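The block underneath contains the structure these notes are about, expressed in structure tokens.
The values are calculated or read from the model by the stated rules, or taken from the named source; none is laboratory data. Fair warning: this is a prediction, and the values are worked out from it, not measured in the lab. Every residue, glycine as well, gets a Cβ built from its backbone with ideal geometry; the counts of neighbours run over all protein chains shown.
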Amino acid sequence: MAELERVGDDRSLGDLFAELAREMTTLVRQEATLAKAELGQKASRVGAHVASLAAGGAVAYAGLLAILAAIIGLLTKAGLEWWASALLVGAVAAAIGVYLVMKGIKALKSEDFTPRKTLESLKEDAQWARRQTS
């Protein structure tokens, strides 16, 4: 790239544009590689969030079932019909479940998938290309 900036270069205009085209092709390939790497990092972070959410949900579900069964048993023993106890406990559990799902969705939506480093680099490349052609 520094060769294009030499004063007194004896290459033809066609040669200079050919070299510029080669340099731009290399630059675009490098930018694509950078974008791929950046998006890969972001995707792996999202994958870790999803895996954590799934594992935590499975363990919490098993514990929750045992706790819910115990609460239904206590409410039945306290005088409620078994179906009323199950309905009450089920409604509370469903409300908590909805809250947790919404929280997980919000966390995933807050993840930024824009390849910011690549966009900045592309802006710099465009400025460089304008300087080379003017």
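Just to check your reading of the model, which residue among Ser121, Ser44, Ser85 is under 27 Å from the mean Cα position of the chain (by Cα), over 30 Å from Leu13 (Cβ atoms), hydroxyl-bearing (Ser, Thr, Tyr) and part of a helix (DSSP H, G or I)? Of the residues listed, the single one that is under 27 Å from the mean Cα position of the chain (by Cα), over 30 Å from Leu13 (Cβ atoms), hydroxyl-bearing (Ser, Thr, Tyr) and part of a helix (DSSP H, G or I) is Ser44.
Of the residues Ala60, Ala69, Ala78, which single one is surrounded by fewer than 10 Cβ atoms within 10 Å (Cβ to Cβ) and over 20 Å from the mean Cα position of the chain (by Cα)? The unique qualifying residue is Ala78. In segment 91-109, what residues are closer than 30 Å to Ala48 by Cα, more than 19 Å from the chain's Cα centre (by Cα) and among the small types (Gly, Ala, Ser)? Those that are closer than 30 Å to Ala48 by Cα, more than 19 Å from the chain's Cα centre (by Cα) and among the small types (Gly, Ala, Ser): Ala93, Ala94, Ala95, Gly97.
Applying the criterion of being among the hydroxyl-bearing types (Ser, Thr, Tyr) and either over 30 Å from Ser121 (Cα atoms) or touching a helix residue (DSSP H, G or I) at 6+ places or on another chain (Cβ under 7 Å) (or both) to the residues of segment 30-83, the residue that is modelled with the lowest pLDDT is Tyr61. Just one residue in the set Gly79, Gly57 is farther than 24 Å from Ala35 by Cβ and outside any helix (DSSP H, G or I); that residue is Gly79. The set of residues from segment 81-115 being in contact (Cβ under 8 Å) with a residue 60 or more places away in the chain, surrounded by fewer than 11 Cβ atoms within 10 Å (Cβ to Cβ) and of a type outside the set (Phe, Trp, Tyr) comprises just one member, Asp112.
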